[in-house]
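Here is the structure we will look at.
Only the coordinates and a few stated rules stand behind these numbers; no lab work does. It should be emphasised that the depicted structure is a prediction, and the values quoted were computed from it without experimental measurement. Please note: Cβ atoms are built from the backbone with ideal geometry, for glycine as well, and neighbour counts cover all protein chains shown.
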Amino acid sequence: MTFERRAAMATLLANRPKDLFVVPGLGSCTWDAFAAGDDDRNFYLWGAMGGAAMIGLGLALAKPKIRVAVITGDGEMLMGLGSLATIGVQRPHNLAIVVFDNGLYGETGMQASHTQSGVDLIDVARGCGIERVLNVETEAQLRELAGLLGTSDRTLFARVPIMPDDPPRALPEKDGVIIKDRVRRAVEKVS
Amino acid sequence: MSAPVQDTAVTWPDELFDVLKRADIRQVGYVPDAGHSRLIARCKADPEIRDVVLTTEEEGIALAAGAWLGGQRSALLMQSSGVGNCINMLSLIRACRFPMLMLVTMRGEWEEFNPWQVPMGSIVEPALKLCDTSVTKVETPDQVAPAAQNAVQLAFGGDRAAAVLLSQKLIGRKVWVK
């Protein structure tokens, strides 16, 4: 099945453990994360395309006792594909990369991404040495993924196929300094 | 292709390492580089430093931002060609005012034999300055540690990007060993 993106994000963050930090990729994933409920533990990205997974890696390595979930789109992941190789070498136990894959560049007008033409991010993640790789196909698996964001003992990669819908924008704080300082304070609070 | 030639009389890479240690740098991102080989080896050997080998230098900018969110200081080691790969990602540093420490070994200048290194090498300094990065260029060994210490202070004291450019004059002509 394919999921409605806002509902999928809400499921992933529904029973969010207090030590779970989220790095949503720029554009739709940032709007989705904000729509699921504004939270000091969200490092909203309004730019830095291709950098979400590496921001997650830096945070996960710095604080092994917190959990980090990068939740990003297929286009953003494709721009930083090499970072999956870098993460496959580092393999922090507390990092999850979740890709909302609709095969489209949503923010620029729904143009096709490579994943529509046979590029398989699941195969890429496996090939990069990421040990736990999930292709989410059912509601039950999506709920299982939500649980794993708080408990997985290995680096996790998951692909969540989403519908090509375009829900209304939900815009969080835009000032990068405020977003950064909020997250830093939240990290200090839980660790 | 070529193995770096270690000269025991050369101490500036060790001095750079000491500056990183004194600054409590805990993550070091790098793309393998002959000019930085000794510093990279020192970082890899230190249990308190997580060395993160990258596929492209821009990954190191995002890594540094993430590390800082988690309360750790980091540094990015790269060659001048890598600076070009970082340009857009440096927006993250400027937009959020992250500290960003970069140590750059220069190519494309002193005794360069490869003309393909010249286009990027020749614009590193103005390109970084356009990205609101403080730039200090050093050409002699005695300037290295003070310049690095200054960059540490500018980056972590001022929440901004600071780079030290290590001249090819300092590193020497690339020696090919086959």
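Couple of notes before you dig in:
- Relative frequency of Cα-Cα separations exceeding 18 Å in the range B:85-160, percent: 47
- D_trans [Stokes-Einstein, Kirkwood Rh over alpha-carbon pairs] for the range A:40-122, 25 °C, 0.890 mPa s, µm² s⁻¹: 183
- Here the contact order of the range B:12-171, divided by its residue count and restricted to Cα pairs under 8 Å and six or more residues apart, works out to 23 percent.
- Relative contact order, percent, chain A [alpha-carbon distance under 8 Å, six or more residues apart]: 29
- Proportion of all alpha-carbon pairs of the range B:12-171 beyond 29 Å (%): 8
- Put the Cα centre of the range A:109-174 next to the Cα centre of the range A:3-30 and the gap is 11 Å.
- Cα pair distances of the range B:108-148 binned at 5 Å [whole percent]: 6, 20, 20, 20, 24, 10, 0
- Chain B, dipole about Cα centre (Lys/Arg Cβ +1, Asp/Glu Cβ -1), debye to the nearest 20: 160
- Of the residues B:L54, B:L39, B:L165, the one that moves most in a GNM of chain B with alpha-carbon contacts below 10 Å is B:L54.
- Taken about its Cα centre, chain A carries a charge dipole of roughly 780 debye when the Cβ of each Lys and Arg holds +1 and the Cβ of each Asp and Glu holds -1.
- Sparsely packed GluC sites (Glu not before Pro) within the range B:103-160, loop by DSSP, other Cβ within 10 Å at most 11: B:E111
- Its Cα gyration tensor gives the range A:112-153 an equivalent ellipsoid. The semi-axes, each the square root of 5 times an eigenvalue, are 22, 15, 7 Å from largest down.
- Built amide H within the under 5 Å cut-off of B:A161, gap 5+: B:M100, B:S134
- ³J(HN,Hα), Karplus 6.51/-1.76/1.60, whole Hz, each residue of the range A:141-146, x for Gly, Pro: 5, 5, 5, 4, 4, 4
- For the range A:105-191, average projected area of the Cα convex hull in nm²: 8.4
- Charge dipole magnitude, Cβ of K and R +1, D and E -1 - the protein assembly as shown, Cα centre, debye nearest 20: 720
- Evaluated at q = 0.09 Å⁻¹, a Debye calculation over the C-alpha positions of the range A:5-190 (equal weights, vacuum) places log10 I(q)/I(0) at -0.27.
- Of the residues A:R41, A:R16, A:R91, the one that moves most in a GNM of chain A with alpha-carbon contacts below 10 Å is A:R16.
- Around B:N88: net Lys/Arg minus Asp/Glu count, Cβ-Cβ under 15 Å: -4
- Pairs of lysine residues in the range B:12-171 that meet both criteria, 8 or more places apart or on different chains and Cα atoms under 25 Å apart, total 5.
- Where chymotrypsin sites (Phe, Trp or Tyr not before Pro) fall in DSSP loop in the range B:73-164, at most 16 other Cβ within 10 Å: B:W110, B:F113
- With contacts taken as Cα pairs under 8 Å at a separation of at least 6 residues, the range A:57-148 carries a relative contact order of 28 percent.
- Working note: Karplus 6.51/-1.76/1.60 with θ = phi - 60° gives the range A:152-164 the couplings 4, 9, 9, 4, 10, 10, 9, 10, 10, x, 10, 6, x Hz, where Gly and Pro are set to x.
- In units of the rule-of-thumb radius 2.2 N^0.38 Å, the range A:6-70 shows an alpha carbon radius of gyration of 1.05.
- Antiparallel DSSP beta bridges within the protein assembly as shown, as percent of all bridges there, nearest 5: 5
- Distant alpha-carbon pairs in the range B:1-104 (separation over 16 angstrom), percent: 55
- Rg and Dmax of the protein assembly as shown, based on Cα coordinates, read 20.8, 65 Å.
- Comparing A:L57, B:W68, B:A95 along the charge dipole axis of the protein assembly as shown, the residue lying farthest to the positive side is B:W68, per the Cβ-charge model.
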